[in-house]
1. Can you tell me how many residues within the stretch 71-89 are in a helix (DSSP H, G or I) and loosely packed, with under 13 Cβ neighbours inside 10 Å?
2. Could you check Tyr92 against (1) surrounded by fewer than 10 Cβ atoms within 10 Å (Cβ to Cβ); (2) touching a Ser or Thr at 6+ places or on another chain (Cβ under 7 Å); (3) not aliphatic (A, V, I, L, M) and say which number it fails?
3. Go through the stretch 1-35 and count every residue that is out of contact with any helix residue (DSSP H, G or I) (no Cβ under 8 Å at 6 or more places or on another chain) and part of a loop (DSSP other than H, G, I, E, B).
4. Could you tell me which of the residues His104, His100 is closer than 17 Å to His47 by Cβ and exposed (fewer than 14 other Cβ atoms within 10 Å of the Cβ)?
Amino acid sequence: MAVSLPLDPDHASRAASGLDIVGIDQWAGRFDLLSDAHRLRLLVCLHHAPDISVSDLAAAVGKSGTAVSQALRLLRQQGWVTSTKDGRIVRYRLADDTIHELLHWIGATHAEETVR
């Protein structure tokens, strides 16, 4: 691929220096995960009702437990969610502060009271 010569090298250099600060690859990876509506629904549910089981999460989003587990596995591998054992039940919650803030930005809310 041919690279264009800049019209104003100083302006081009200033623009390029912003790329290092933002972390483009990390954000692209986040947006890639968020681009899947199923995963986004799960994240919103986890945000609104933390410490939820796979079966309750599956019922909330209208998917199978297997589909939810597969999506949670990917989100857990990325460090976005964490799980804890409650007897024989595994409960999930958000673990990534940046994703938590993004969910607020798109309008996700917290439940007033989380009832188990």
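1. The total comes to 2.
2. So Tyr92 meets the others, but not (1).
3. 9
4. Going through His104, His100 in turn, the sole match is His104.
Table: residues versus (1) closer than 22 Å to Thr109 by Cα; (2) in contact with a Leu (Cβ under 7 Å, 6 or more places away or on another chain); (3) at pLDDT below 95.
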| residue | (1), (2), (3) |
| --- | --- |
| Ala12 | no, no, yes |
| Gly18 | no, no, yes |
| Gly29 | no, no, yes |
| Leu74 | no, no, no |
| Asp86 | no, no, yes |
| Tyr92 | yes, yes, no |
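The values are calculated or read from the model by the stated rules, or taken from the named source; none is laboratory data. Everything numeric here is computed off the predicted structure, so don't read it as measured data. All Cβ positions, glycine included, derive from the backbone under ideal geometry; neighbour counts span all protein chains shown.
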